[in-house]
Amino acid sequence: MPGTRSNQEWLDALSNQGIQQEIALEELRRLLLRAALFTLVTHLADLHEMPEEERLALAEECAQEAMMTVLVRLGDFRGDSKFTTWAYKFGINIALSRARRWRWKQVSLDDLADDDGTLNWFQRDERLQTADSEQPVRQREVVEVIREVLRTQLTARQRQTLKLIAFDNVPMDVVVQRLDSNRNAVYKLLHDARLKIKQQLVRRGYDLAEVMDLFQ
Amino acid sequence: MVKTNLTKFVRRVHDTRDTEISCSVCLDLVSQYVDLEISTGDAAGKLPQVKQHLDQCQVCSEEYQVLRQLAVLEAEQRLPIDEELINQLKK
């Protein structure tokens, strides 16, 4: 039963040799399988075309991969959370990444590639209309500033990544895989883009709280 | 009102900080964040940089939500048994 061992008991059992370690490893394996199963069950929509026997195999693969991660990173555990919570997160991280990639594996991101440079994707489906006659005008001004930053201050790779994640709702894990990159690099790329837009709005005298109110 | 992608993006621009933690750091801290949330209810106050990242990063936020659900079930000793989960997975 998870939670019956203290953090120190987990560490001792997993670090020791012999039968106690074997018992702890089996307990950890079951715990991570539960995390993987739970994660996949909460995201069944991502797996709706996957045969049921493959779903169970996927859960077991995720648990196995998480087990290796936990054992490799055991020395990083500082005891500032329950050991089980710390271990679960690896199983969840791996299972959700795999589920997202499965769902998107048939989709070509090339079809979502930036178009002719007009940035029309940026405003599609938006409804900049309101009873307040001034608001649409001010919204359009802000949109133009953002569009200008996108066009002149972002690289093509930044623009493309931003489009895919923020406007096409492609999960970051999928973009990371297709770019052969990693989450930290892609997150930094998005952060840099957001920061440039924010700085440019401030530089041009916009009150950011008012800007946000315009789009609520 | 349904929030459009542009609306969500403008909010993210507004909430952008000069320095933000990476996804790796968030993964490192998220278990502490979840346990603080369950035990004290004030994880955002104690680890504001994690809250900020979760508000910006969709994939990390989804992982946090599943972790929180699982940790709450464990704390309440209501974890589902594997057979139940396997049956649900086959649906």
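The values are calculated or read from the model by the stated rules, or taken from the named source; none is laboratory data. Because the structure is a prediction, the values reported are computed rather than measured. Here Cβ is always computed from backbone atoms with ideal geometry, including for glycine, and neighbour counts include all displayed protein chains. Quick note on the areas: whole protein, heavy atoms, side chains included, nothing else; ligands and nucleic acids left out. Shrake-Rupley method; radii C 1.70, N 1.55, O 1.52, S 1.80 Å.
Going by the structure shown, is B:Arg17 more than 7 Å from chain A (Cβ to nearest Cβ), out of contact with any Pro (no Cβ under 6 Å at 6 or more places or on another chain) and of a type in the set (Lys, Arg)? In short, yes. For B:Gln52, indicate whether it is farther than 18 Å from A:Ile92 by Cα, under 12 Å from the mean Cα position of the chain (by Cα) and more than 7 Å from every other protein chain (Cβ to nearest Cβ). Yes. Kindly provide the set of residues from the range A:1-24 that are open to solvent by 50 Å² or more (accessible area, probe 1.4 Å), under 18 Å from A:Ala66 (Cα atoms) and among the hydrophobic types (A, V, I, L, M, F, W, C), ordered by number. Residue satisfying the conditions is A:Ile23 alone.
Tell me, yes or no, whether the range A:18-30 has at least one residue that is outside any loop (DSSP other than H, G, I, E, B) and at the interface with chain B (Cβ under 9 Å from one of its Cβ atoms).
Start the filter on the range A:18-30 by keeping residues that are outside any loop (DSSP other than H, G, I, E, B), which leaves A:19-30.
Of the ones still in play, those that are also at the interface with chain B (Cβ under 9 Å from one of its Cβ atoms) are A:30.
There is at least one residue in the range A:18-30 that is outside any loop (DSSP other than H, G, I, E, B) and at the interface with chain B (Cβ under 9 Å from one of its Cβ atoms).
Checking each residue in the range B:9-41 for being closer than 26 Å to A:Met212 by Cα and exposed (fewer than 15 other Cβ atoms within 10 Å of the Cβ) picks out B:Asp18, B:Thr19.
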